[in-house]
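Encoded as structure tokens, the structure appears first; notes follow it.
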Amino acid sequence: MSIIDSAKNAAQGLVQGALGKLVPLAPDSWIPGGLPDPLIARKHGLIGTPVSRLDGPLKVQGAARFSAEVAPAGMVYVALAYATIPRGRIATLDTQAAEAAPGVVRVMTHRNAPRMKPPAVFGSSPTAAGPSDLPILQDDRIHWNGQPIAAVIAETQEQADHARSLIHVTYEAGPSTTSFAGAKANGAQIGRFMGQPLRNEIGDAEAELAGAAHRVDHTYRTPRHSHNAIEPHAATIVWEGDMLTIHDTTQMVTAEARTIADVFDLKPEQVRVISPYVGGGFGGKGLWDHQIIGAAAAKLVGRPVRITLSREGVYRVIGGRTLSEQRVAIGATADGHFKAIIHTGTAAMTPHNAMPEPFIFATRSGYAADSFKLSVETVKMNMLANTFMRAPGEAIGTFALESAIDELAAELGMDPIALRIRNEPDKDPISGLPFSSRHIVEAWRSGAQRFGWDQRAPEPGTRREGEWLIGMGCATGTYPYHRMPGAAARITLTRDAKAIVEIAAHEMGMGTSTTTAMVAGERLGLPLDRIEIRYGDSIIPGAIMAGGSQQTAAIGAAVIAAHNALVAELLKLAGNESPLAGLSVDEVGSEGGALVRLDDPACRETYQSILARAQRDTVAAAEQASMPVEAMHWSMHSYSAIFCEVRVSAITGETRVSRILGAFDCGRILNPQTARSQFRGGIIMGLGMALMEETLFDERNGRVMNANLSEYHLPVHLDIPEIDVMWTDIADPHTPMGAHGIGEIGITGVAAAVANAVYNATGKRIRDLPITLDKLL
Amino acid sequence: MTPFRFARAADTADALRLAAGPASAYLGGGTNLVDLMRETVATPGSLVDVTGLSNTVSPTESGGLLIGAALRNTALAEHPAVRARYPVLSRAILAGASAQIRNMATVGGNLLQRTRCAYFYDAEGARCNKRAPGSGCDALEGFSRYHAILGASPACVATQPSDMCVALAALGAIVHVQGAGGARTLPFTELHRLPGDTPEIDTVLAPGDLITAIELPPLPFATNSAYRKVRDRASYAFALVSVAAALEVEDGRVRDVRIAFGGVAHKPWRALTAEAALRGGPADGPAFHAAAAAELADAQPLRDNGFKIELVKRTLVAVLGDLGGAVA
Amino acid sequence: MEITINGSTTALPQDPRVSLLDFLREGLHLFGTKKGCDQGACGACTVLVDGERILSCLALAVQFEGRDVVTIEGLSAAGTAGGEGLHPLQQAFIGCDGFQCGYCTPGQICSAVGMVAEAKRGSPSHVTADLAAAVTLTRNEIQERMSGNLCRCGAHNGIIDAIQQVLSAEVLS
């Protein structure tokens, strides 16, 4: 076990231990032993009504200011030069011509960069955000093809870019592993995700498989993917004395600020990260080398710095989803009962990061079976650190698992939906925990009806219109409910009955700022136009990472806690002259801009009245969310049933998705307008993954060869049919608002649904993504 | 981007004068050249903007059309005479790039766009004989999905990426060039060259030569023409393969035919072998298959592009079928 | 050497390397036009020049002497009689949720404006069945004509809905 792993396990052990001790003390009503969040019972308020994005007018006018759109006086621009070998040392690095070029202020390399600690790698502590634990511009060593080796700082971007091309570097190559086969030959290790081994065994799955009446056993392969947010990574960075301010585009303002403070040996309060708008994230907008290089450059030249990665730079510096090779084997009885589920395989990572793609997660709680054998092994390659990308694990894991189930259904001659329902578990098959809320069967039934699943021809390759072969496929999607510790909220109520809600959360387009305003308004009993949400700033208390689809729950829990604290403050202020005198926090609620006695709604006093009598302009309360103990008592997940119709050209093998429906079971939907977009957006990324996306990594030297948006194909408008989405809208009684996060569930299951539809259309089973036309000729 | 001088040409003579020095380049819409300059693949010392030169479409004495090289791609695609008489050309242009790019790109510039080979583009990290003669070719054993199956050499396996050029090859267009020695014309199919040992040279043009116009000869049966492009997504992607064809059928037999392929070679590939095999023969599926097979007989696949041989055959057969042949 | 941006005339940059996009953003601080790829592959930088949509990242600013450029900032003002409020397309993008992160949005909207003008003058597209017939902006046609504008959040349906909504409103009025 590496030093990183040990440290990570220790940190994780502490957190788990603390959680375990806290269980009996659970303070909030929706967690074990209590009542559901009272907001779930409110059926006619803001929650559940479609609300247009509150930041919409700014965004459609191009008036929302992203991180590269802040322009402090005296600002200089940075251009990065990148290594062209996968491993070794810099032999010579000649920057003279670059330094002499017009407009150049300095050229920063490992020789003159400020001394900085390596960032703490993500997961090694609750506030660690580093992509890896490698030092940045501190020595002459090269760890991946594309590593930044120099930063040109110039008066204009054009000058910096040109001078960058004048840098001359030679290398001493070291031994490297840049092929997946080579990495596997070097040996594999069991993957560890957040300290826990990615391995589960129940019974003897291999023996059960061998003895099963029916079985499938195949290998599925998924390639590297890049997030490719349309906004490239960019930061505008200002030092004022020892105070560092970073205008960034990030999913983790708080952890990033803490990690950068450590890198520069600063106190946490000396670093502020501000990120009001993120132009797409998907897991890729965290802390990478460029923010640290930018801060170092600003320090070196004593001027504000703008560092914008070129699109090529994004591919060289920002890791993506790694590649995988997965075996899925299922053994079943003649009537479809699963005897064994085996899901094992290998994913590549680097010696310096902490992200084994956990592709077995969906399989852990997907289906009942008599035996299980699940594991993720990792192999090490010399490449840019891979990272989280929308539904890490589940996105590619469901491709393998849900393809295999379709293969088994064909083998059994069963309808694939019936086969899935046949193996629906009554509790989590691995952990044994009860499900908090699982209505996937309802999603399957309502989805099948709306989609017209009964029109599917059971025999593949039998429907044709002209040159187009038509097929239907389906798959289950799933993603866990997460809520991470550390969230907090501060609510400030003003005398004119306005509430300012501050959360250290992020808006990358999920609609978080709008939905948070809706939920806060509902909880505080105030209309939407009386709520102001402030977010995306590390000086706000608490830490709410936009990851793991956890923001909605984390914010919800933090607002519950802060609201409770605010009510206590208001009751104190209300005093003996208030009709609420003598009542405790548990006896009152918020409604219509007032505190209201729960068992006698006529007994009430408005916020304005309380503040006026107390002669106060504002009252504020900040509170931490309760610990996320709910996830220790229940197996908590979101689900989807994905239905897809494809048309495959019998001439060219081109595949077009003509219809797709997602039926979701994700707790209560807070804002149908933005939720629909989240589901559709995930499905569209899934369509890209199914049909066209692949980061081309040249295994000869570890270089990404399609570092652009021309040859890395994202779906275009013409690729995307009208996407139908529906949801059960059944509240999960064990979460704030009864809601689940929905940012990642959309992508899961989609690639399998497409592959299964392609099989139904053509009779060809494609087990290697993407399903490009050459595989269907 | 390397610093350069910029000048705007008032007329053809002015353009030639301004571009007389070494390391000069003509600038059209910039949709390819500006990108290449940003990647430091192209480093001209001076740019001569020729977008102000002729952009008209006028009839020729022989009954064809003369198209000014500064005409934008969109304008050419939507020109009524082109749509009516040479639909394959409209179709090919509309299949290329995006509307924004077609609004910028000029006809002359489209002819001279350079390959999309990833190794050609990676000026810092890859070897490429086209970009740096003699350095080697990393595409030969690398990613080659978009690379040539016909006419390649050990020095270079790149493809010419234009859609419009495939139609021009099929139509037998004529290129009007103004050079130091005066004006001349050449058949379009002789403009681009195969890589051989000198892949750094894309065309037969000499330094300073300016394409002033494209001439479409009269070709009455081109009213029955089509372009089919096969790509990795539904729109806005370069061709894996494409087929431009015009077909004239009389009494079930091929009276005349024009065929060109895109995405398969260092130049738009005029399929003369297939044309010869078809002319005078039956306009039916077996004949189309045989002609396609004859044209692809010498195809040489690389690691990633063997599928193109079958794909281009199938696409050709489908296009000819659509144009009025009976597909058995 | 001057250029007109959203109705105001301004001097062009001295350095011919400056793209129209960088001139707008860094020179004039008109940050509404977005840089997505700087390679001509995403459409985020789409602006209107003399009414035609182009990619400002591939355009050298000096090439546009004397031309009339409209960016997303100019569209709001042009959208209503009073010069205030939103262009109908901007309004429809909000109502149809035609964006999530909002980064590709100005390019999508400018592109849609240019697209409608192209269709009105009868310019065909790759999916137009009959090159001789009048153009009807079906959903399929709009999708093809907007394919030069990438969106990674996956707001494709909302974007096309918004454009269709404005077009049908135009037909009704």
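Taken together, the values in this text are just the output of simple stated rules run on the coordinates, not laboratory data. Every value quoted in this text rests on a predicted model; they were computed, and no experiment measured them. No Cβ is skipped: glycine too gets one built from the backbone with ideal geometry, and neighbour counts run over all protein chains shown.
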* Asked: Put +1 on the Cβ of each Lys and Arg and -1 on the Cβ of each Asp and Glu in the protein assembly as shown; which of A:G447, C:L55, C:L131 then has its Cα farthest toward the positive end of the dipole?
  -> C:L55
* Give the peptides B:305-313, A:47-55 in descending order of average Cβ contacts within 10 Å, highest first. => B:305-313, A:47-55
* Asked: Peptide A:222-228: average number of partner chain Cβ atoms within 10 Å per residue?
  -> 1
* List every residue whose amide H lies under 5 Å from the amide H of A:Q550, counting only residues 5 or more places away in sequence or on a different chain, with H placed 1.01 Å from N in the peptide plane. => none
* Asked: How many nm is it between the label spots at A:D496 and A:A602, if each spot is 7 Å from the Cα in line with the beta carbon?
  -> 3.4 nm
* Asked: Hey, which lysines would be in cross-link range of A:K380, C-alpha to C-alpha under 17 Å, not counting anything within fewer than 8 residues on its own chain?
  -> A:K184
* Check the straight Cα-Cα distances from A:K498 and name the lysines below 28 Å, setting aside those fewer than 8 residues away within the same chain. => A:K43, A:K59, A:K572
* Based on Cα positions only, what radius of gyration and what Dmax would you give for segment C:86-132, in angstroms? -> 13.2, 40
* Asked: So what's segment C:2-74 giving for Cα Rg divided by 2.2 N^0.38 Å, two decimals?
  -> 0.95
* Going by how many other Cβ atoms sit within 10 Å of their own, how do A:D665, C:D130 line up, fewest first? -> C:D130, A:D665
* Structure fact -> Relative to the compact-globule estimate 2.2 N^0.38 Å (N residues), the Cα gyration radius of segment A:626-777 stands at a ratio of 1.22
* To do: For segment A:484-627, just list the percent of Cα-Cα distances falling in each 5 Å bin from zero outward, please.
  => 2, 11, 21, 23, 18, 12, 8, 4, 1, 0
* **the protein assembly as shown, dipole about Cα centre (Lys/Arg Cβ +1, Asp/Glu Cβ -1), debye to the nearest 20** => 880 debye
* Structure fact -> In segment C:2-74 the DSSP beta bridges are antiparallel at a rate, in percent to nearest 5, of 85 percent
* Structure fact -> Out of B:R228, B:R102, B:R255, a Gaussian network model of chain B with alpha-carbon springs under 10 Å gives the largest mean-square fluctuation to B:R255
* With a Förster radius of 25 Å, plug the Cβ-Cβ distance of A:I421 and A:D454 into 1/(1 + (r/R0)^6) and report the FRET value to the nearest 0.05. => 0.95
* Structure fact -> Once phi for every residue in segment C:102-118 is put through the Karplus expression 6.51 cos²θ - 1.76 cosθ + 1.60 (θ = phi - 60°), the whole-Hz ³J(HN,Hα) values, with Gly and Pro written as x, are x, 7, 7, 4, x, x, 4, 5, 4, 4, 4, 4, x, 4, 5, 5, 4
* Asked: Rounded to two decimals, what is Rg over Rh for segment A:595-680 when you use alpha-carbon atoms and the Kirkwood radius?
  -> 1.29
* Dipole-positive endmost among A:L571, A:G548, A:A622 within segment A:484-627 (Cβ charges, Cα centre) -> A:A622
* To do: Any chance you could give the angle, 0 to 90 degrees and rounded to 10, that helix B:285-295 forms with the longest Cα principal axis of chain B?
  => 40 degrees
* So what is the 222 nm mean residue ellipticity for chain A from helices alone, if each DSSP H run of at least 4 adds -39500 (n - 2.57) and you divide by all residues, rounding to the nearest 500 deg cm²/dmol? -> -8000 deg cm²/dmol
* To do: Give me the distance in nm between label points sitting 7 Å out from Cα along the Cα-to-Cβ direction at B:A23 and B:R303, one decimal.
  => 3.5 nm
* Order of A:Y607, A:Y171 - criterion: other Cβ atoms within 10 Å of each residue's Cβ, fewest first -> A:Y171, A:Y607
* Asked: log10 I(q)/I(0), Debye, Cα-only segment C:86-172, no solvent, q = 0.12, 0.13, 0.23, 0.26 Å⁻¹?
  -> -0.33, -0.38, -1.14, -1.39
* Neighbourhood net charge (14 Å Cβ-Cβ; Lys/Arg +1, Asp/Glu -1) for A:T333 -> -1
* Per the Cauchy relation, a quarter of the hull surface: what is the mean projected area of the convex hull of the alpha carbons in segment B:5-51, in nm²? -> 2.9 nm²
* Asked: In debye, nearest 20: dipole of segment A:671-777 around its Cα centre with unit charges on the Cβ of K, R (+) and D, E (-)?
  -> 220 debye
* Report, as an integer, the average count of C-beta atoms from other chains found within 10 Å of each Cβ along B:123-130. => 4
* To do: Measure off 7 Å from each Cα along the Cα-to-Cβ vector at C:T10 and C:D50, then give the distance between these two points in nanometres to one decimal.
  => 2.1 nm
* Beta bridges per DSSP with both ends in chain B, % antiparallel, nearest 5 -> 80 percent
* Asked: Between B:V241 and residues 5 or more places away or on another chain, which pairs have amide H atoms under 5 Å apart, with H built 1.01 Å from N, and which residues are they?
  -> B:V230
* For segment A:484-627, give the magnitude of the charge dipole about the Cα centre (Cβ charges: +1 Lys/Arg, -1 Asp/Glu; no others), in debye to the nearest 20. => 200 debye
* Per residue of segment A:454-464, in order, report the coupling 6.51 cos²θ - 1.76 cosθ + 1.60 (Karplus, θ = phi - 60°) as ³J(HN,Hα) in whole Hz, putting x for Gly and Pro. => 5, 7, 6, 7, x, 7, x, x, 10, 10, 8
* **Interatomic Cα distance distribution for chain A, bins of 20 angstrom, percent** => 16, 47, 31, 5, 0
* Asked: Counting only residues 5 or more places away or on other chains, whose amide H sits under 5 Å from the amide H of C:E52 once H atoms are built in the peptide plane?
  -> none
* **Helix B:307-322 vs. chain B, principal-axis angle (Cα, 0 to 90°, nearest 10)** => 60 degrees
* Structure fact -> HN-Hα couplings for segment B:76-92 via Karplus (6.51, -1.76, 1.60; θ = phi - 60°), in whole Hz with x for Gly/Pro, come out as 5, 5, 9, 5, x, 5, 5, 4, 7, 9, 10, x, 4, 6, 4, 4, 5
* Fewest-first ranking of A:K427, C:K120, A:K285, using other Cβ atoms within 10 Å as the exposure measure -> C:K120, A:K427, A:K285
* Please report, in cubic angstrom per residue, the volume enclosed by the convex hull of the alpha-carbon atoms of segment A:248-332. => 167 Å³
* For A:K764, go through the lysines and keep the ones whose alpha-carbon is under 25 Å away, minus same-chain ones fewer than eight residues off. => A:K775, B:K229, B:K308, B:K313
* So what are the radius of gyration and Dmax for the Cα set of segment B:83-182, in Å? -> 16.1, 47
